[in-house]
Amino acid sequence: MAQSNAIDVLLKKLEYSFNDITLLNEALTHRSYASKNNERLEFLGDGVLNFVIADELFKLYPDVQEGDLSRLRASLVNKESLAEIANKLNLGEVIKLGSGELKSGGFRRPSILADAVESILGSVYCDGGFDTARDLIVRLYADRLASPTDLQSLKDPKTRLQELLQSRRFDLPDYQVTGITGQSHAQVFHVKCSIKQMSIEVNGEGKSRRKGEQVAADKAINRVEEYFGNNRTAIDGSLRHNATNPVPPGNKKNG
């Protein structure tokens, strides 16, 4: 498909006609192709996108707290989501790349595609103003915004494990690095997650300590849920006892 035809198809998908088509051309120009590229428009589009999605989520989820709203927004504006939108727009066919990026398959690279989407949003904002850019973003995200989101699934494993344990008044897990293997440029961190009250120990590994902890925590969640299932009666009874018989504060001694 000739690029001019591909541009026409893109404009139809965007449902927008540019007053200044050079803005779109700039939005589709990667830094490997020319010094006047889409990086500034990407910066602008990123800001507009984050605000519009935040505003939409604020209205859609009136009872959701700030932390969960932030996780929801992050799941919608991350590289993966933007790359999916880019593929639906067939941006790989119209992005201008340098010869090196073309040879290495840059037109399929998620980071390049995601940046191009933000650049287009920036170009629409410059060309048609904020309301026009908002309308475009809402159209592009219509399906994602309309789909119910499992807030729990957006939390990382360490957070989910912590909340799971706290809900039954168990102590928090202990994480320890048990070893580091591999070359300095490709280290693998081996991490042990221990929950003493349940006699649970699981191991995880990752390219950083944090990633190793997350892998271990994810494994621990399954073990903890299994433990809760096998000991539900005893745990529920303990919770009821603690609720009805709180530990009294220590008596003060008269001096």
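The values are calculated or read from the model by the stated rules, or taken from the named source; none is laboratory data. Computed from a prediction, not measured in an experiment: that's the story for all the values here. When we count neighbours, we look across all protein chains shown, and the Cβ atoms used for this are built from the backbone with ideal geometry, even at glycine.
Taking the stated definitions as given, is Val64 modelled with pLDDT under 95, assigned by TED's automatic domain parsing to the domain that holds Glu101 and of a type in the set (A, V, I, L, M)?
Details: modelled with pLDDT under 95: yes; assigned by TED's automatic domain parsing to the domain that holds Glu101: yes; of a type in the set (A, V, I, L, M): yes.
Answer is yes for this residue.
Quick check on the range 29-38. Is at least one of its residues crowded, with 16+ Cβ neighbours inside 10 Å, charged (D, E, K, R) and over 21 Å from Phe130 (Cβ atoms)?
Taking the range 29-38 as the starting set, the residues that turn out to be crowded, with 16+ Cβ neighbours inside 10 Å are 29-33, 37-38.
Remaining after also requiring charged (D, E, K, R): 31.
Restricting the remaining residues to those that are over 21 Å from Phe130 (Cβ atoms) gives 31.
Yes, the conditions are met somewhere in the range 29-38.
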Of the criteria (1) under 16 Å from Val138 (Cβ atoms); (2) out of contact with any Asp or Glu (no Cβ under 6 Å at 6 or more places or on another chain), which one Arg71 fails: (1)
Among the residues of the range 77-86, are any touching a helix residue (DSSP H, G or I) at 6+ places or on another chain (Cβ under 6 Å) and under 17 Å from Leu24 (Cα atoms)? yes
Inspect the range 26-36 for any residue being in a helix (DSSP H, G or I) and over 15 Å from Leu145 (Cβ atoms) and give the result as yes or no. yes
Might you let me know whether the range 93-100 holds any residue that is within 25 Å of Gln65 (Cα to Cα), part of a helix (DSSP H, G or I) and in the same structural domain as Leu14 (by TED's automatic domain parsing)? no
What are the pairs, 6+ residues apart or on separate chains, where a residue within the range 1-30 that is basic (Lys, Arg) has its Cβ under 8 Å from a residue that is surrounded by 12 or more Cβ atoms within 10 Å (Cβ to Cβ) and not in a helix (DSSP H, G or I)? Lys13/Leu89; Lys13/Asn90
Looking at Ala146 and the list (1) under 24 Å from the mean Cα position of the chain (by Cα); (2) touching a residue at least 12 places away in the same chain (Cβ under 8 Å), which single condition is not satisfied? (2)
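Do we have Tyr125 as more than 30 Å from Asp46 (Cα to Cα), surrounded by 11 or more Cβ atoms within 10 Å (Cβ to Cβ) and under 25 Å from the mean Cα position of the chain (by Cα) here?
Numbers: more than 30 Å from Asp46 (Cα to Cα): no; surrounded by 11 or more Cβ atoms within 10 Å (Cβ to Cβ): yes; under 25 Å from the mean Cα position of the chain (by Cα): yes.
So Tyr125 fails the test.
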Looking at the structure I just gave you, is Thr132 surrounded by 12 or more Cβ atoms within 10 Å (Cβ to Cβ) and hydroxyl-bearing (Ser, Thr, Tyr)? yes
So which helices (runs of 4 or more DSSP H) stay within the range 108-224 end to end and still have 3 or more residues that are assigned by TED's automatic domain parsing to the domain that holds Val94, at pLDDT 95 or above and under 30 Å from Phe51 (Cβ atoms)? 110-128, 130-140
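Can you tell me which residue within the range 8-22, out of those that are more than 22 Å from Ser111 (Cβ to Cβ) and hydrophobic (A, V, I, L, M, F, W, C), is surrounded by the most Cβ atoms within 10 Å (Cβ to Cβ)?
Of the range 8-22, the ones more than 22 Å from Ser111 (Cβ to Cβ) are 8-9, 11-12, 15-22.
Checking the rest, the ones that are also hydrophobic (A, V, I, L, M, F, W, C) come to 9, 11, 18, 21.
Working: Val9: 15, Leu11: 14, Phe18: 17, Ile21: 13.
Applying the filter and picking the extreme gives Phe18.
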